[in-house]
Amino acid sequence: KVKKYYEKNFFIKRINDRFTQILGIFLEYQIDYVLTRKALTNNDIEMWFIVGSLLYNQIMFLKKSEKKSHYQKEWIDEVLKVGNKKGMNAMSISDLTGIPRPTVIRKLKILLKQKDIYKDNNNLYYITKGKLISELNKLRLNNIRELSSIISRINNIIFFS
């Protein structure tokens, strides 16, 4: 139970006073986050952006649905259900990521071969429950713990330094 109320200005002042220290903690977290996920796609950052675009598209359809279990383990199963979701075509992925369309198509073929994505009859692509998404889900669940730790470290700086 919180027993003390803090004004917004208290946080602004404390963050400004320790900005470099807090920014360092955040950047350490963010760099590790990106490098860990990049490693999932064999250090191919373009592949990571393609996978991310497909996953983001499916997450947006889930958010619009009635389901509100976005942080539970079962969440990933809901994201992966193709159902009546609209997938993405190679041109849309290219437009969103800035990756040339032939490169997108080549990398989508690799993902199809690995069975990490699904292509429907309309040439729309979806993330499926392959090895890549299973590893990504483990990282997502671990990220919740890491983020809690980062918030705790920042709060310690704000309140106790």
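Among (i) 188; (ii) 127; (iii) 156, only one was calculated for this model; which label is it, if the read-out is volume of the Cα convex hull per residue in Å³?
(iii)
Could you give me the ³J(HN,Hα) list for the stretch 25-36, computed from phi with Karplus coefficients 6.51, -1.76, 1.60 and θ = phi - 60°, whole Hz, x at Gly and Pro?
Going residue by residue, I get 5, 5, 5, 4, 5, 5, 5, 4, 4, 5, 5, 5 Hz, with x marking Gly and Pro.
Expected output is a single nm value to one decimal: the length gained when fully extending between LYS13 and LYS64, i.e. 0.36 nm times separation in residues minus the C-alpha distance. What is it?
Numbers: separation 51, 0.36 × 51 = 18.36 nm, distance 3.78 nm.
Roughly 14.6 nm would be gained on extension.
Relative to the first principal axis of the alpha-carbon coordinates of the chain, what is the inclination of helix 101-113, with its axis defined by its Cα atoms, in degrees from 0 to 90 and to the nearest 10?
Around 90 degrees separate the two axes.
Tilt of helix 131-160 relative to the longest C-alpha principal axis of the chain, in degrees (0 to 90, nearest 10)?
The two axes meet at around 10 degrees.
Looking at this model, which pairs from LYS64/LYS109; LYS38/LYS107; LYS3/LYS64; LYS107/LYS138 are more than 25 angstrom apart at the alpha-carbon? The partial results should precede the final answer.
Details: LYS64/LYS109 29 Å; LYS38/LYS107 15 Å; LYS3/LYS64 37 Å; LYS107/LYS138 23 Å.
The answer is LYS64/LYS109; LYS3/LYS64.
Taking R0 as 30 Å, what FRET efficiency do you get between ASN121 and ASN42 from their Cβ-Cβ distance, rounded to the nearest 0.05? Can you show the working numbers first?
Details: r = 30 Å, r/R0 = 0.99.
Efficiency, from the Cβ-Cβ distance: 0.50.
Please give the charge dipole size of the chain, origin at the Cα centre, charges +1 on K and R Cβ atoms and -1 on D and E Cβ atoms. Round to the nearest 20 debye. It would help to have the intermediate numbers written out before the result.
Working: 30 positive and 15 negative charges, 80 e Å.
Roughly 380 debye, rounded to the nearest 20.
All other residues with a Cβ under 12 Å from the Cβ of ILE99 taken together, and with Lys, Arg as +1 and Asp, Glu as -1, what is their net charge? If you can, show how the numbers build up before the last one.
Numbers: positive: ARG101, ARG106, LYS107; negative: ASP44, GLU46, ASP95.
The answer is 0.
Taking R0 as 30 Å, what's the FRET efficiency between ARG106 and ARG145 from their Cβ-Cβ distance, rounded to 0.05? Walk me through the numbers on the way to the answer.
On the way: r = 36 Å, r/R0 = 1.20.
The formula returns an efficiency of 0.25 here.
Return, ordered by residue number, the residues of the stretch 8-30 whose backbone nitrogen is under 14 Å from a label point located 7 Å along Cα→Cβ of ARG153.
20-30
Filter the trypsin sites (Lys or Arg not before Pro) in the stretch 1-31 down to the DSSP loop ones having no more than 12 other Cβ atoms within 10 Å, then list what survives.
On the way: sites: LYS1, LYS3, LYS4, LYS8, LYS13, ARG14, ARG18; in loops: LYS1, LYS3, LYS4, ARG18.
Those that pass, being in a loop and sparsely packed, are LYS1, LYS3, LYS4.
Hey, what's the stretch 22-161 come to in accessible area per residue, 1.4 Å probe, Å²? Intermediate results must be reported in sequence, preceding the final value.
Working: 8640 Å² over 140 residues.
Dividing the accessible area of the stretch 22-161 by its residue count gives 62 Å².
Report, to the nearest 10°, how far helix 8-17 tilts away from the longest principal axis of the Cα atoms in the chain, using its own Cα long axis and a range of 0 to 90°.
90 degrees
Stretched out fully, how many nm does the piece from ASP32 to SER161 gain, at 0.36 nm a residue minus the Cα gap? Spell out each step's value before the answer.
Working: separation 129, 0.36 × 129 = 46.44 nm, distance 2.55 nm.
That works out to 43.9 nm of additional length.
First compute the accessible area of the chain with a 1.4 Å probe, then give the percent of it belonging to carbon and sulfur atoms. Could the numbers behind the result be given before it?
Details: 6100 of 10980 Å².
Accessible surface attributable to carbon and sulfur in the chain totals 56 percent.
Considering only LYS38, LYS109, LYS64, give the residue with the highest GNM mean-square fluctuation for the chain, with springs between Cα atoms whenever their separation is below 10 Å.
LYS64
The values are calculated or read from the model by the stated rules, or taken from the named source; none is laboratory data. Just so it is clear, the structure is predicted and the values come from calculations on it, not from any experiment. Glycine gets a Cβ as well: all are built from the backbone with ideal geometry, and neighbour counts include every protein chain shown. Each accessible area value is taken on the protein alone, full model and side chains, heavy atoms only, with ligands, DNA and RNA left out. Shrake-Rupley method; radii C 1.70, N 1.55, O 1.52, S 1.80 Å.
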